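The values are calculated or read from the model by the stated rules, or taken from the named source; none is laboratory data. What you see is a predicted model, and the numbers here were worked out from it, not measured in a lab. Using ideal geometry, Cβ is built from the backbone for each residue, glycine included, and neighbour counts are taken over all protein chains shown. Surface areas here come from the heavy atoms of the whole protein model, side chains and all, with no ligands, DNA or RNA. Shrake-Rupley method; radii C 1.70, N 1.55, O 1.52, S 1.80 Å.
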Amino acid sequence: MTKRITMAAATAGRAEGGTSLNAFDNALLAAGIGNINLIKVSSIVPPEVSMIELPKIKPGALIPTAYAAMTSETPGETVAAAVGYALPDDPAKNGVIMEFHGIASQAEAERAIDAMLEEAFRVRGETIREKKIFAVEHTVERIGCALAAITLLAEEDLV
Amino acid sequence: MTKRITMAAATAGRAEGGTSLNAFDNALLAAGIGNINLIKVSSIVPPEVSMIELPKIKPGALIPTAYAAMTSETPGETVAAAVGYALPDDPAKNGVIMEFHGIASQAEAERAIDAMLEEAFRVRGETIREKKIFAVEHTVERIGCALAAITLLAEEDLV
Amino acid sequence: MTKRITMAAATAGRAEGGTSLNAFDNALLAAGIGNINLIKVSSIVPPEVSMIELPKIKPGALIPTAYAAMTSETPGETVAAAVGYALPDDPAKNGVIMEFHGIASQAEAERAIDAMLEEAFRVRGETIREKKIFAVEHTVERIGCALAAITLLAEEDLV
């Protein structure tokens, strides 16, 4: 918490697993964030944070993360997870992150995030300068998980 | 985490939204904590923490928060959320926070919190010096959310 | 987060309570972690962390914790919670924590954790050097909770 968040990076992944928790773990690995400690946050991009490609993060690091995950044990079912962020015109103001998970296609998940971000900015009276959505869908073979995440990062978290 | 929690502030809010997550976001805004990153904690007031009015918090700050939220998509339904804290006679001991959410009235939520705090102190063998409950109810129009929260704050979190 | 995690300690507990949240609170007290702020993490043992007996932790400290809890209001029902960790041969690599909760016996919970840890290491291509599982079951009288947790600790968290 004393650490200063200066970067944020989005990612998404999907996987099968032997159990729901393993499917989630495997989706995290597929997304490149399987060896860190996610701390769920709800869900703001601090002002003046740079959006970057997912960097190499120290194993075990405690990383505040906005994420959505959908696990299913129903073969043939298509699940989706998505996150998105919108940043304001005014760089002194914060951005907003929205999450979605459900029995849905990737396109449906993306539309849901888009509508939620638009409303979040409308109610804040801010204009969106930049908006980006990261979504993934997965059709379950046995036990599957779709996951999308935005990590909030400090210099010290990087390898 | 290295930051030292020296204050705690309670708040509550309620709102409608276009989706459940927007209703939650709007309730956070109504409660004055819509532009920070909530990190859910379970749920202790550290010793020697001052209970204060909700201050202006830096946008995007990572704030450990005990909170309860109840969202409903059933028009006409009344939902409630409440939090409460109790502090012990002995200032070296910690206080306790309890949360409630459900299809309930504000008064029911308050009674639930009160009973939970009493039990929490009975089992700890401590006497309550101060007890306060923050509750809100919301009757849903389309999609609504009631939310109550106690934020744990450090000097550096304030504007 | 700036604080450096150098230790981890596992615990488990079970209890009855007047409400589900009090049963959870009482199970935390029974496990020796009822007076700290748990921050849920998902769920990695950082490299070079020492596994220790649960120490005395400062009241109110913010402690990243992987935990599983199962509460039931069905008298006679047996619920279980378990956590387990596995550490790799290579001390520069992280370990993994798995959690389980459900209507189950302690032995079933232990088997579930064991299988999840094995898969987690198989997919990572690592060999398990050390593996330990902490599980508890509770047969509900009125309202009961079984809880298991692994706390991630820094020097400054200890009394």
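Tally the residues that are aliphatic (A, V, I, L, M) and surrounded by 20 or more Cβ atoms within 10 Å (Cβ to Cβ), restricting the search to segment B:89-129.
10
Residue by residue, here is whether (1) of a type outside the set (A, V, I, L, M, F, W, C); (2) out of contact with any strand residue (DSSP E or B) (no Cβ under 7 Å at 6 or more places or on another chain); (3) within 10 Å of chain C (Cβ to nearest Cβ); (4) touching a residue at least 40 places away in the same chain (Cβ under 8 Å) holds:
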| residue | (1), (2), (3), (4) |
| --- | --- |
| A:6 | yes, no, no, yes |
| A:14 | yes, no, no, yes |
| A:31 | no, no, no, yes |
| A:61 | no, no, yes, yes |
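Can you run down the residue pairs with Cβ atoms below 9 Å, 6 or more apart or on separate chains, where the first is in segment A:80-103 and touching a residue at least 40 places away in the same chain (Cβ under 8 Å) and the partner is acidic (Asp, Glu) and surrounded by 24 or more Cβ atoms within 10 Å (Cβ to Cβ)?
Listed by first residue and then by second, the contacts come to A:96/B:25; A:98/B:25.
Just the residues that are closer than 16 Å to residue A:51 by Cβ and assigned to a strand (DSSP E or B), please, taken from segment A:85-101.
A:85, A:86, A:87, A:88, A:95, A:96, A:97, A:98
Within segment C:104-134, can you find the residues that are in contact (Cβ under 8 Å) with a residue 12 or more places away in the chain and over 30 Å from residue C:72 (Cβ atoms)?
Correct list: C:121, C:124, C:126, C:127, C:128, C:129, C:130.
For residue B:21, which of the numbered conditions (1) among the hydrophobic types (A, V, I, L, M, F, W, C); (2) within 14 Å of chain C (Cβ to nearest Cβ); (3) free of Cβ contacts under 8 Å to residues at least 12 places away in the same chain fails to hold?
(2)
Could you check segment C:135-159 and list, in sequence order, the residues that are open to solvent by 50 Å² or more (accessible area, probe 1.4 Å) and assigned to a strand (DSSP E or B)?
C:137, C:139
Quick check on my filter: what residues within segment C:102-132 are closer than 20 Å to residue C:48 by Cα and within 14 Å of chain A (Cβ to nearest Cβ)?
Within segment C:102-132, C:117, C:120, C:121, C:124, C:125, C:126 qualify.
Does segment C:118-134 hold any residues that are under 19 Å from residue C:108 (Cβ atoms), touching a Ser or Thr at 6+ places or on another chain (Cβ under 9 Å) and part of a helix (DSSP H, G or I), and which are they?
C:119
Which strands (runs of 3 or more DSSP E) does segment C:3-84 wholly contain that include 1 or more residues that are crowded, with 22+ Cβ neighbours inside 10 Å and among the hydroxyl-bearing types (Ser, Thr, Tyr)?
Correct list: C:62-72.
Residue by residue through segment A:82-104, note down the ones that are in contact with a strand residue (DSSP E or B) (Cβ under 6 Å, 6 or more places away or on another chain) and of a type in the set (Asp, Glu).
A:89, A:99
From the list B:26, B:37, which one is within 14 Å of chain C (Cβ to nearest Cβ) and within 22 Å of residue A:119 (Cβ to Cβ)?
Only one candidate qualifies: B:37.
Is at least one residue of segment C:69-84 of a type in the set (A, V, I, L, M) and within 14 Å of chain B (Cβ to nearest Cβ)?
Taking every residue of segment C:69-84 in turn, at least one turns out to be of a type in the set (A, V, I, L, M) and within 14 Å of chain B (Cβ to nearest Cβ).
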